[in-house]
Ligand code: BGC
Ligand code: ZN
């Protein structure tokens, strides 16, 4: 079968390879891949800034955002298949546990030891191949009405976790957030806007695009406020918004922006950081100013990575909801489709939204 592989640590080693089709063990399920989404993490792995091959192997099959169809269920997998049947459409989780206490309690997204693996990223092959195998526990069933857009579920799960964690941290006070600032108009940023908006929050987005950009038009249509970085200085955002900024979702992939975001949080507010930045960017800051501002305002900064199964399940519900509320909107987030042979183009750093590799 065709697979897209990379030699981690070796820049631009991404290539197409012919691998043998995996055979399921009795506790596993065979999945035929329909499509795989590409994101910044894949691009960082290709640039040799991130990523790890499975033990004793030289290459890594890329891809961690997948949608596929169940082709075969192993005899023992049938017993705990969570209602999964042949022909069902599924999205797999990304991270697999090690032996730490969080991982052993199905919270591998909060792993404390660091020996977890991630399919297509760290120590386990990913999904950019015609088939893959998995145990039922790590597969999420996709209802018919969202099959076309469910490739967005993995990025959405990141947003769901960030918001879930933010809200649970803010249980420290009788919190009634009125507004939120989203930094970055990538897929995570846009999905973040939609989730926050659906929660009844007034959402502002700050990003590089100017007002004529199609992504900007798309979010404005659903009542989200946009401020272009080409016109306004980021540090002026609190004045521009004119109100206490209750929650910030940082999703630009840029650590300087993440650092600046720390001085934008309103009193009692929280900042959620999601950018995985594998580089060595350095900046000089006024540490006293930043620290004082955080302390005097009782502010919270937290990082979030990966997602729990509950975040994927919440994401399924949200996809169904938005798809009904704004038919066609989520489809527009999938902007570029490539054949496996065109994988190089899919990994280019373009300014559109979700690029996917179509296997079927
Ligand atoms: C993936 C996460 C993963 C993270 C760090 C992200 O692109 O969506 O599942 O945990 O990269 O490797
Ligand atoms: Zn762990």
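The values are calculated or read from the model by the stated rules, or taken from the named source; none is laboratory data. Everything numeric in this text was worked out from a predicted model, so none of it was measured. Cβ coordinates were reconstructed from backbone atoms using ideal geometry, including for glycine residues, and neighbour counts include every protein chain displayed.
Taken over region 51-66, the criterion of being in a loop (DSSP other than H, G, I, E, B), within 14 Å of ligand 1 (Cβ to nearest atom) and closer than 14 Å to residue 129 by Cα is satisfied by 62, 63, 64. The lone criterion from (1) surrounded by fewer than 24 Cβ atoms within 10 Å (Cβ to Cβ); (2) outside the structural domain of residue 256 (by TED's automatic domain parsing) left unmet by residue 199 is number (2). Could you list, in sequence order, the residues of region 73-109 that are within 16 Å of ligand 2 (Cβ to nearest atom) and touching a residue at least 60 places away in the same chain (Cβ under 8 Å)? Matches in region 73-109: 93, 94, 95, 106, 107, 108, 109. Listed conditions (1) in a loop (DSSP other than H, G, I, E, B); (2) on the phi < 0 side of the Ramachandran plot; (3) within 16 Å of ligand 2 (Cβ to nearest atom) are all met by residue 177, apart from (3).
If you check 321, 290 for being outside the structural domain of residue 49 (by TED's automatic domain parsing) and either under 30 Å from residue 221 (Cβ atoms) or not in a helix (DSSP H, G or I) (or both), only one passes: 321.
Among the residues in region 192-200, are any touching a strand residue (DSSP E or B) at 6+ places or on another chain (Cβ under 8 Å) and either modelled with pLDDT under 95 or closer than 30 Å to residue 19 by Cβ (or both)? There is no residue in region 192-200 that is touching a strand residue (DSSP E or B) at 6+ places or on another chain (Cβ under 8 Å) and either modelled with pLDDT under 95 or closer than 30 Å to residue 19 by Cβ (or both).
Taking region 19-50 as the range and being assigned to a loop (DSSP other than H, G, I, E, B) and out of contact with any strand residue (DSSP E or B) (no Cβ under 6 Å at 6 or more places or on another chain) as the test, the residues that pass are 20, 23, 25, 26, 27, 39, 47, 48, 49, 50. Among the conditions (1) within 21 Å of the chain's Cα centre (by Cα); (2) within 16 Å of ligand 2 (Cβ to nearest atom); (3) under 23 Å from residue 316 (Cα atoms), the only one that residue 132 does not satisfy is (2). Among the residues making up region 231-243, those that are out of contact with any helix residue (DSSP H, G or I) (no Cβ under 8 Å at 6 or more places or on another chain) and assigned to a loop (DSSP other than H, G, I, E, B) are 231, 233, 242, 243.
Test residue 359 against the stated conditions and say whether it is over 17 Å from the mean Cα position of the chain (by Cα) and under 29 Å from residue 210 (Cβ atoms).
no
Residues that are away from ligand 1 (no atom under 16 Å from the Cβ) and not in a loop (DSSP other than H, G, I, E, B) were ranked within region 80-94; the one that is surrounded by the most Cβ atoms within 10 Å (Cβ to Cβ) is 90.
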